[in-house]
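Only the coordinates and a few stated rules stand behind these numbers; no lab work does. Here the structure is a predicted model, which is why all the values come from computation and not from measurement. Backbone-built Cβ (ideal geometry, glycine too); neighbour counts: all protein chains shown.
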Amino acid sequence: MLKGFWDRMVGRRSAAAREHEVERERMTDEERRVDDESFEDRAADLAVEASLGGINPERLLPDDDPAHQSDGR
């Protein structure tokens with residue numbers, strides 16, 4: 001009885017894992033990045049953003065556009 005129960009539990013996990021892999025293949029790179037983050041990391045990011053007002057960190061990086069880059073003078 002216990003073995004049958006265990007097999008059903010493991011089988012469901014295997015099916016869910018296969019389904020997740022199929023879904024992951026359809027995801028964009030951004031969705032995959034979010035999917036790779038742990039729940040705790042995402043919750044911490046949201047808490048910091050809420051308490052500190054959060055800014056988009058991408059705006060702190062220089063643009064690839066040469067018009068926005070300094071020429072070192």
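A simple charge model with +1 on the Cβ of Lys and Arg, -1 on the Cβ of Asp and Glu and nothing else charged puts the dipole of the range 2-50 at about 620 debye relative to its Cα centre. Rounded, prolate or oblate: which one fits the range 2-50, using the alpha carbon gyration tensor with axes a ≥ b ≥ c (rounded when a/c is under 1.5, else prolate when a/b beats b/c, else oblate)? It is oblate, given that a/c is not under 1.5 and a/b is not larger than b/c.
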